[in-house]
Amino acid sequence: MALEMKHLQTRLEHYSITCTGTTGGSTYVRWGRKSGPTTSELVYDGYAGGGLWSHSGAGTNYLCLPKNPEWASPQSPRYYSHVYGAEYETHDSILDAVTDHDAPCAVCRANRTTVLMIPAKRACSTGWIRAYYGVLMTEKYKHASSKEFVCMDGSPETLTGTYVNRNGALFYFQKAACGSLPCDPYISGRELTCVVCTK
């Protein structure tokens, strides 16, 4: 068992070196797309996933799972959580065509040292380069499972042959609630945008 874990650690270290490169830069996930923008290097593309929407345990972040997983020897743990695929919940919106489809993702590397996701913006500040922009998404407010806020690409793609309402981890629009947010300039009930910027 110890030898197997050492072998696995060596393999993980190898992949860490391969993915991050040797010249610096920053990585980010482009949610909803199978490739990165032309200004970034594609590290890998895969499947968006996370904990089930109705589970109160498990991880709270979305994951970009690679298409070619590598496995250690099977274990038989008594306690565990599951990782599910993630799908769009964009009913009755401009993105209705992707509703209930599974979401892809792309891990990208920018040849710049800083990556920043700005909610409620579509453009970057002066001196920053826009990687992509879209809509702010996370789980539904009344679901047991909380997730991080992510910037879903404004022109999302789907995984082929995935139009089945299996749920799993879910992506929902996020609307502004003015009152606790200033009602000027925020508009209650309007979907929030987002942008990913690099520098």
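The values are calculated or read from the model by the stated rules, or taken from the named source; none is laboratory data. Every value quoted in this text rests on a predicted model; they were computed, and no experiment measured them. Glycine gets a Cβ as well: all are built from the backbone with ideal geometry, and neighbour counts include every protein chain shown. These area figures cover heavy atoms from the full protein model, side chains too; ligands, DNA and RNA do not enter into them. Shrake-Rupley method; radii C 1.70, N 1.55, O 1.52, S 1.80 Å.
Each residue was assigned an accessible area with a 1.4 Å probe, and for V29 the value is about 40 Å².
Taking every DSSP helix (H) stretch of at least 4 residues in the chain, weighting each as -39,500 (n - 2.57) and dividing the sum by the residue count yields a mean residue ellipticity at 222 nm of -3500 deg cm²/dmol.
Per residue, the chain exposes an accessible area of 61 Å² to a 1.4 Å probe, with every protein chain left in place. In order along segment 106-115, the phi-based Karplus estimate (6.51 cos²θ - 1.76 cosθ + 1.60, θ = phi - 60°) of 3J(HN,Hα) comes to 9, 8, 10, 10, 8, 7, 9, 8, 10, 10 Hz; Gly and Pro are listed as x.
Take every Cα-Cα pair in the chain and report what % of them are more than 31 Å apart. When every Cα pair of the chain is considered, 25 percent fall beyond 31 Å. Counting charges near Y172 (Lys, Arg +1; Asp, Glu -1) among other residues having Cβ under 14 Å from its Cβ returns a value of -4. Take the Cα of D96, step 7 Å toward its Cβ, do the same at T38, and the gap between the two points is 3.4 nm. Residues in segment 75-86 carry Karplus couplings, in order, of 10, 10, x, 7, 10, 6, 10, 10, 10, 10, x, 10 Hz; the curve used is 6.51 cos²θ - 1.76 cosθ + 1.60 with θ = phi - 60°, and Gly or Pro positions show x.
Work out the charge dipole of the chain with +1 on the Cβ of Lys and Arg and -1 on the Cβ of Asp and Glu about the Cα centre, then indicate which of H101, Y80, G161 is farthest towards its positive end. So the residue we want is Y80. Counting only protein heavy atoms, what percent of the accessible surface of the chain is carbon or sulfur at a 1.4 Å probe? C and S atoms contribute 55 percent here. Along the Cα-to-Cβ line of E70, 7 Å from the Cα, sits a label point; which residues in segment 38-60 have backbone N less than 18 Å from it? Under 18 Å, as judged by backbone N against the label point of E70, lie 43-47 of segment 38-60.
Among G32, G189, G49, the largest mean-square fluctuation in a Gaussian network model of the chain, built with springs joining Cα atoms closer than 10 Å, belongs to G189.
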